[in-house]
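Throughout, read-outs are computed from the coordinates displayed, never taken from laboratory work. These figures come from a predicted structure and were not determined experimentally. Note that we place each Cβ from the backbone using ideal geometry, even for glycine, and neighbour counts take in every protein chain shown.
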Amino acid sequence: MFGIIEIPLWLAIGGGLLMVFGLLDRVLVPSVRWYFRRRFERLISQLNDKLDLKIEPFKLMQRRVMIDRLTYDSEVMDAAIEYAQDNKIPEKVVIDEVENYAKEIIPSFSAMAYFSFAIRLARLISKLIYRVNLGPEEKQIYDGLDKSATVVFIINHRSNMDYFILTWLASDRSALSYAVGEWARVWPFQQLIRAWGGYFIRRTDQGPLYRKVLTRYVQMATDGGVTQAIFPEGALSLDGKLKRGKLGILSYMVSNFEISQKRDIVLVPVGLNYDRVLEDRILLKASKHSEGHFEFSLLSALGFSLRQIWLRLTGRFNRFGYASVSFGTPISMRSFMETTDLQSSDRRTVLLGRKVMDEVSKVVPVLPVPLVATVMRSAKSPMKEAEIQDLCTDLLVKLKCSGARVHVPEETQSYVIEHALETLLNRKALRRDNSGIIVDNSEGNLIDFYANSISHLI
């Protein structure tokens, strides 16, 4: 009555695998997910216990969720529908474009990648290349910050090393989120920067739809309490001078800020300077072209790194002097708004932008190489080392009296000035003859580049 039903071996194996996958999906996978989620939550809790500026939930949101939230934000959707109607494009096509913008902008922050890898890498590279110096006012400024506020560091942009220096120095205080330009959208930097919480912006795209998506992301992150770092100059300075700040990202924050809102925004001016900017000759070369921009080359960066490693292995490597950071007086946006009668958001942004950039300019550190470059730029004839030392000392006194942040140690002042002279001589920016030391005309623009970094303080 009953017969034996035979099934192929492959079907039996397939069925067994499906049963196993079903068991994993229903029982084991949720348990594993729960385990790792608990471990992640404990990690974040431990980190927040140590950090002055906490990692807020917005920064930890799943990337897919954040993309959807931004894409279907009411303001973004209104702009998308209006754009579709004005340009006679199907709404679905425009919404897909908006989603692509969101995917391009939004980071994929990993606390593990940031605190386990990024900070270690930033520390290693920074200490390998420079003697990193932090102004004595740093602790006081951090201690006085409103911990419930969104903190935004406003920084002058001297070098791509800025990202490494600041990431390391802020590592025990906060996790910074940077706006990064198109130059870094190459492997492996793009993946790393996203994991470290950086977000990409198109500096040249003025399209209203893209700008609306970017605006809303910045506003959402600011409302969510994400600690941010902004370079208002945009691109690196090609001539070493502090440039006028662009108000793009700051304007997004101002236009969305209400005095009555619970969370304040605190702007912290930050000044950076270097005894040697790694890209100095590249920037000077770019300044001679009408386009005024330079292309990042991974191959060149790798070649430079290998040369420095070789010099270190052979005992011939000398660090590139000081890399210094100073912090200015924080500016509360709520206090600024309360004391400003202007009704126009644009006018408030302009006024606030000027105030912040003025504070940034005041705290750009004075370092040995820029100091020597300033003295030598005005030299009409060769000078002896003793004369250069005296002029540098006189200039330091004037700068200190004016309130400048001088990062030239008094106890070793003569030595560091002598070392700065040797640095510029070795780089052929200065030359020595029987009469003394003078600027080499073929490399005079290098002297100008470093002197320009503190020219606004003199």
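Of the listed pairs Lys246/Lys288; Lys384/Lys428; Lys59/Lys285; Lys92/Lys212; Lys50/Lys246; Lys241/Lys400, which have alpha-carbon separations greater than 29 Å here?
Lys59/Lys285; Lys50/Lys246
Under a 5 Å amide H to amide H cut-off, with H placed in plane at 1.01 Å, what residues pair with Asn133 once short-range neighbours are removed?
The answer is Ala323, Ser324, Val325.
Mind ordering 147-158, 86-97 by average Cβ neighbours within 10 Å, highest first? Show your work: numbers first, answer last.
On the way: 147-158: 20.8, 86-97: 12.3.
Descending packing order for the listed peptides: 147-158, 86-97.
So if each residue of separation counts as 0.36 nm, and I subtract the Cα-Cα distance between Ser442 and Glu104, what length gain in nm does that give? Please list the in-between numbers first.
Details: separation 338, 0.36 × 338 = 121.68 nm, distance 4.33 nm.
Here the segment from Ser442 to Glu104 would lengthen by 117.4 nm.
Quick one: which of 433-445, 53-65 comes out on top by average Cβ neighbours within 10 Å, and what's the full order, highest first?
Numbers: 433-445: 13.8, 53-65: 15.4.
Top to bottom by mean Cβ count within 10 Å: 53-65, 433-445.
So how do 266-278, 329-341, 404-416 stack up, highest first, on mean other-Cβ count within 10 Å? Walk me through the numbers before you get to the answer.
On the way: 266-278: 24.2, 329-341: 14.6, 404-416: 16.6.
The peptides rank, most packed first, as 266-278, 404-416, 329-341.
Let me know the charge dipole size of segment 64-360 about its Cα centre in debye, to the nearest 20, where only the beta-carbon of Lys, Arg (+1) and Asp, Glu (-1) is charged.
Working: 39 positive and 34 negative charges, 274 e Å.
For this selection, approximately 1320 debye.
How large is ³J(HN,Hα), in whole Hz, for each residue of segment 79-89 in order, when computed from phi with the Karplus curve 6.51 cos²θ - 1.76 cosθ + 1.60 and θ = phi - 60°, using x for Gly and Pro?
5, 5, 5, 4, 5, 4, 5, 5, 9, 6, 10
Report ³J(HN,Hα) in whole Hz for each residue of segment 390-395, in order, from the Karplus equation J = 6.51 cos²θ - 1.76 cosθ + 1.60 where θ = phi - 60°; Gly and Pro get x.
For segment 390-395, the Karplus curve yields 5, 5, 5, 4, 4, 5 Hz.
What list of ³J(HN,Hα) values in whole Hz, one per residue of segment 158-164 in order, does the Karplus curve 6.51 cos²θ - 1.76 cosθ + 1.60 (θ = phi - 60°) give from phi, with Gly and Pro shown as x?
9, 7, 5, 5, 3, 4, 5
Quote to one decimal, in nm, the extra length available between Leu192 and Thr412 on full extension: 0.36 nm per residue of separation minus the C-alpha distance between them.
Values: separation 220, 0.36 × 220 = 79.20 nm, distance 3.91 nm.
The Leu192-Thr412 span can extend by a further 75.3 nm.
How far is it, in nm, from the label point at Ile458 to the one at Glu182 when both lie 7 Å from their Cα along the line to the Cβ?
About 3.7 nm, to one decimal.
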